[in-house]
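Asker: Got a structure for you, questions after.
The values are calculated or read from the model by the stated rules, or taken from the named source; none is laboratory data. Quick caveat, the model's predicted, so the values are computed rather than measured. All Cβ positions, even for glycine, are placed from backbone atoms using ideal geometry, and neighbour counts span all protein chains on display.
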Amino acid sequence: MPRLDVAVVGAGAAGIGMALALQKVPGLKFGVLEAGRVGESFRRWPAQTRFITPSFHSNPFGLADLNAVNEPSSPAIHAGAEHPSGPQYADYLAFIAKGHELPVACDCKVEAVAAVPGGGFVLDTPRGRLQAGFLVWATGEFQFPDLAPFPGAQWCPHYARVADWSAFQARRYTVIGGYESGVDAAVNLVRSGRRVRLLARKSTWDPQGPHDPSLSLSPYSRQRLYEAVDTGRLEIVFGVDVIGVTRSEGGGFRIHAGDGRYWDERQAPILGTGFAKDGGARQIAELWDWDEDGRVMLSEADESTITPGLFLVGPQVRHDKRIYCFIYKFRQRFGMIAESIALCLGRDTSGLKTGAGAWGPFGNGECCEGCEC
């Protein structure tokens, strides 16, 4: 049975970034297993969706591109866009993986994972079984949408299942959810000439609220929302807690709020209600401990509290009030996890701490004359 020191599951931003960090540990045998293609989740974004965090090539001045997964590269340069599309970013990840000759196995879905008594893991894949001393879970959350936030949601198209907003040809729609995905759906529908009612529990763009984009609407989305309001085709209703959707006898839909209000629509409402908070980690639920809110419990090194050697990386990572759901946030964890694994194996960690091998508070502190992109 083949054996790796470290297996990384998922070849998105978290998986590719983690692999780049592991590559800096001399002699480490690792591999990345991906169910689809590199950047698969990004390739499934709606055609109009763009990164809300801006990409900018500030590398020569010691500031890493917010969406980069390693220090020298820049999605802005590779894609030629400040707010890349999903496919553009997926192509950037594939470019980085190829350029660094990362050992990525595509179309290799991990079907089961078993922790081995005494340490290590056995992974079942279509190509056979694989042993790994350590396991890094980087499966993200986009492909794990919350499809059942309330009764009747089965009739409603979810944001994550939309390929192109131009396919929505009715005169008007209702969108449920006032955070990023709900606002993005409403904005793109308005841009295509539709009238939209947006139902939101509260304003996520209150300037007096938190400025962390993990908790409030990003400036990019806020700007686009105001532009949509100015068209006169967007109505926003606040204080709405949707508790269900029912089918009407005439073939339409009724949206029910907890306070007794309701709205009738000919088209099924669109779900901008986000993603399952347990995301891809639920695939190996028994190997994690879960808190009362249904979130993975981790050590300070992002390791499972009940399964030694299992690490979580990506947007699901949380520590108290810190939410690492943006690339510029969770990439800070790559070096820490790689160092933890390297120390356990007695490997040299110097490449993770200095020069271009370490992120520092502002990214790469050295001039990037040999930019990869």
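Asker: In segment 289-309, which residues are out of contact with any Leu (no Cβ under 7 Å at 6 or more places or on another chain), more than 13 Å from residue 341 (Cα to Cα) and of a type in the set (Gly, Ala, Ser)?
Answerer: The answer is 294, 299.
Asker: In the same structural domain as residue 61 (by TED's automatic domain parsing), touching a residue at least 60 places away in the same chain (Cβ under 8 Å), of a type in the set (Lys, Arg) and surrounded by fewer than 19 Cβ atoms within 10 Å (Cβ to Cβ): is that true of residue 109 in this structure?
Answerer: Numbers: in the same structural domain as residue 61 (by TED's automatic domain parsing): yes; touching a residue at least 60 places away in the same chain (Cβ under 8 Å): yes; of a type in the set (Lys, Arg): yes; surrounded by fewer than 19 Cβ atoms within 10 Å (Cβ to Cβ): yes.
In short, yes.
Asker: Kindly check whether there is at least one residue in segment 267-277 that is surrounded by fewer than 17 Cβ atoms within 10 Å (Cβ to Cβ), over 20 Å from the mean Cα position of the chain (by Cα) and under 22 Å from residue 146 (Cβ atoms).
Answerer: no
Asker: Is there a residue being touching a helix residue (DSSP H, G or I) at 6+ places or on another chain (Cβ under 8 Å) and modelled with pLDDT under 95 anywhere in segment 248-271?
Answerer: Scanning segment 248-271, I find no residue that is touching a helix residue (DSSP H, G or I) at 6+ places or on another chain (Cβ under 8 Å) and modelled with pLDDT under 95, so the answer is no.
Asker: Taking residue 147 as meeting all but one of (1) at pLDDT 95 or above; (2) among the aliphatic types (A, V, I, L, M); (3) surrounded by 15 or more Cβ atoms within 10 Å (Cβ to Cβ), write down the number of the exception.
Answerer: (1)
Asker: Any residue that is on the phi < 0 side of the Ramachandran plot and modelled with pLDDT under 95 - is there at least one of those in segment 160-178?
Answerer: Within segment 160-178, the subset on the phi < 0 side of the Ramachandran plot is 160-176, 178.
Narrowing further to those that are modelled with pLDDT under 95: 178.
So far as segment 160-178 goes, yes, one or more of its residues are on the phi < 0 side of the Ramachandran plot and modelled with pLDDT under 95.
Asker: Evaluate the following for residue 302: is it among the acidic types (Asp, Glu) and at pLDDT below 95? If you could, list the steps in order and put the result at the bottom.
Answerer: Numbers: among the acidic types (Asp, Glu): yes; at pLDDT below 95: no.
When the stated conditions are applied, residue 302 does not pass them.
Asker: Turning to a different aspect of this structure: Taking the condition of being touching a strand residue (DSSP E or B) at 6+ places or on another chain (Cβ under 6 Å) and either at positive phi or part of a loop (DSSP other than H, G, I, E, B) (or both), how many residues in segment 103-115 meet it?
Answerer: 4
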